[in-house]
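Engineer: Sharing a structure below in structure tokens format, with a few things to ask.
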Amino acid sequence: MGWLVLPPARAGAVDPATAARRAGVAAPAVAAPEDGTTTGDLVPPLVAVGAAGALAAYAYARRRRRATTRTTPGGNAPGLIPLHELDRQARQLLVDIDDCVRTGAEELGLAAARSTGDAVEPYADALAYAEAELAASFRLRRRLDEAGARPGLGLGPGLGEGDSRGALEEIVARCGNAGERLDAAAPGFDQLRALERNAVAALESAGTRLRELSARTPAAEATLAELHKRYAPTASIRVVGDVEQAKDRLAFTTLQLDQARGYADSGDSARAAAHLRAAEGAVGQAAVLVNGVDRLAGELASAAAQLPAALAALAAAVPRAARELPPDASGGLGGLGRPFGRIEVLLSGVRREMAAGPYDPLDALRRVVEAEAALAGAGGGDVADGRAHALLPARSALAGAADFIGTHRGAVGSEARTRLAEAERLLGAGAIPLSEVRRADDLAREARRLAERDVRAYGSPAGGRGGAGAGGAVLGGVLLGDGEGPVSYGGPHTRGRRAASFS
């Protein structure tokens with residue numbers, strides 16, 4: 001602005017034309033003075049003013065953006081949820097939608113068994129949409145965890161509060177979309193299942209499953225006892241107590257079916273449907289627990305059968321690698337050096353355990369896989385069938401973690417579920433390399449450890465109004481957290497819709 005007023009100041013007097021106008025006479029034509037103002041004189045100040053305006057606009061926009069993402073130190077944008085609260089909401093929504101998806105899959109299977117044609121297709125589509133949104137949300141949560149994001153406690157390298165907020169908001173939005181889709185499908189699904197109208201057929205089906213599983217529990221107990229004799233204690237520790245929990249779910253199922261029959265006979269179809277749904281959920285979890293014992297027995301037998309071949313393949317690969325690799329600086333075997341010593345320790349440990357007596361075949365196979373990975377990492381190449389050797393313990397760990405979380409989901413938080421989802425994603429991706437198989441194995445075992453921690457912290461749940469075995473049904477997520485009613489196909493706002501009829 002100062003530059004703009006410089007020409008008049010520099011002129012020092014009124015120009016002749018202006019003076020003539022003031023006097024009321026015509027102004028003589030005069031040439032522009034050499035030191036007067038020209039159009040060219042106005043260009044630099046106008047450019048300067050434009051640049052200043054652009055800088056001011058940029059500063060204002062940047063300040064607004066910083067306020068929106070709350071990265072300004074000490075500043076809180078009005079109307080924004082605090083980051084720690086947003087993180088809490090995101091974690092809770094992950095748990096809620098995961099429960100809805102699990103329950104929806106269970107009940108959709110029951111509906112499909114009694115439906116014809118493509119009647120279940122709209123509800124299968126809604127569930128598939130929810131599963132996709134949940135999977136994307138779990139991946140976002142995993143990225144936050146891997147980056148070390150801890151809202152309010154410091155952030156990992158390269159992760160700002162704006163990035164953290166954006167990821168958390170996307171989790172909340174995706175979970176919200178999934179829940180809304182399932183909530184919208186719930187009324188139609190009730191019409192499809194028609195438990196109130198078809199209670200007799202559903203009661204018969206649930207009763208048949210109850211009798212079959214009750215007959216299988218003694219065999220599962222015998223299988224578990226055999227595992228204790230044949231293998232080391234660590235081999236079967238993950239299914240210890242599962243038969244007892246299955247019996248608890250079956251006792252709850254028996255009570256709920258009796259009550260459902262009583263209400264159906266008296267014409268109270270709503271209460272009959274509520275107790276029938278609780279029975280279906282409990283008997284389904286009993287099946288998971290019994291099947292888990294049988295599956296583990298098969299996995300241990302397969303690992304024991306694979307182990308000699310895996311040891312032989314690794315033992316043959318080590319000297320071959322030592323011949324093919326150039327000597328290292330210390331004169332060690334090829335380029336192996338320290339990895340060779342580690343491989344020898346792993347192999348000798350496995351051989352000693354196998355010779356000494358009961359051992360854990362899955363754990364032994366896992367250590368052979370670790371030695372194979374060490375050999376490959378040292379440049380010794382891949383061992384024949386190394387990836388196949390890694391898949392068995394990884395899939396076993398994944399199945400065990402999934403069963404435990406599914407049958408204890410009333411107590412399990414988002415951390416264990418996030419790791420389980422990542423392990424499932426990795427192992428479901430097809431021909432993944434050995435390193436990714438081992439990573440999935442680690443994630444599955446970590447998911448199980450975190451889930452067990454959550455269950456210990458949760459303690460013994462109250463049974464509410466469910467009667468005998470209701471505490472286990474609450475722990476398993478068959479009943480709502482207060483034990484007041486069963487969960488059903490639907491989103492967070494509709495899954496407990498039968499609770500009002502449960503007593």
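Laboratory data are not the source of any read-out in this text; all were calculated from the coordinates shown. Being a predicted model, the structure only gives us computed values, none of them experimental. Note that we place each Cβ from the backbone using ideal geometry, even for glycine, and neighbour counts take in every protein chain shown.
Engineer: With a sphere of radius 12 Å drawn around the Cβ of ARG351, what net charge do the other residues whose Cβ falls strictly inside it have (Lys, Arg +1; Asp, Glu -1)?
Structural biologist: Local net charge: 0.
Engineer: Rank-order 222-230, 187-195 by packing density, defined as the average count of other C-beta atoms within 10 Å over each peptide's residues, highest first.
Structural biologist: Top of the packing list down: 187-195, 222-230.
Engineer: Work out from phi, with θ = phi - 60° and the Karplus expression 6.51 cos²θ - 1.76 cosθ + 1.60, the ³J(HN,Hα) of each residue of the stretch 497-503, listed in order in whole Hz, and give x for Gly and Pro.
Structural biologist: 5, 8, 4, 4, 9, 9, 8
Engineer: Classify the stretch 164-245: rounded, prolate or oblate, from the alpha-carbon gyration tensor (a ≥ b ≥ c, eigenvalue square roots; a/c under 1.5 rounded; otherwise prolate if a/b is larger than b/c)?
Structural biologist: Details: a/c = 6.85, a/b = 1.34, b/c = 5.10.
The shape class here is oblate.
Engineer: Still on this structure, please answer the following. What is the packing order of peptides 343-349, 386-392, taking the mean over residues of other C-beta atoms within 10 Å and listing the highest first?
Structural biologist: 386-392, 343-349
Engineer: State, to one decimal in nm, how far the label point of ALA468 lies from the label point of GLU146, with both points 7 Å from Cα in the Cβ direction.
Structural biologist: 5.0 nm
Engineer: Going by average Cβ neighbours within 10 Å, how do the peptides 476-488, 350-362 rank, with the highest at the top?
Structural biologist: Listed from highest to lowest mean packing, they are 476-488, 350-362.
Engineer: Is the stretch 345-429 rounded, prolate or oblate when judged by the Cα gyration tensor, a ≥ b ≥ c being the square roots of its eigenvalues, rounded requiring a/c under 1.5 and prolate requiring a/b larger than b/c?
Structural biologist: Values: a/c = 2.95, a/b = 1.60, b/c = 1.84.
In terms of gyration-tensor shape, oblate.
Engineer: State whether the stretch 396-503 is rounded, prolate or oblate according to the following rule on the C-alpha gyration tensor (a ≥ b ≥ c being the square roots of its eigenvalues): a/c under 1.5 gives rounded; otherwise a/b larger than b/c gives prolate, and the remaining case gives oblate.
Structural biologist: prolate
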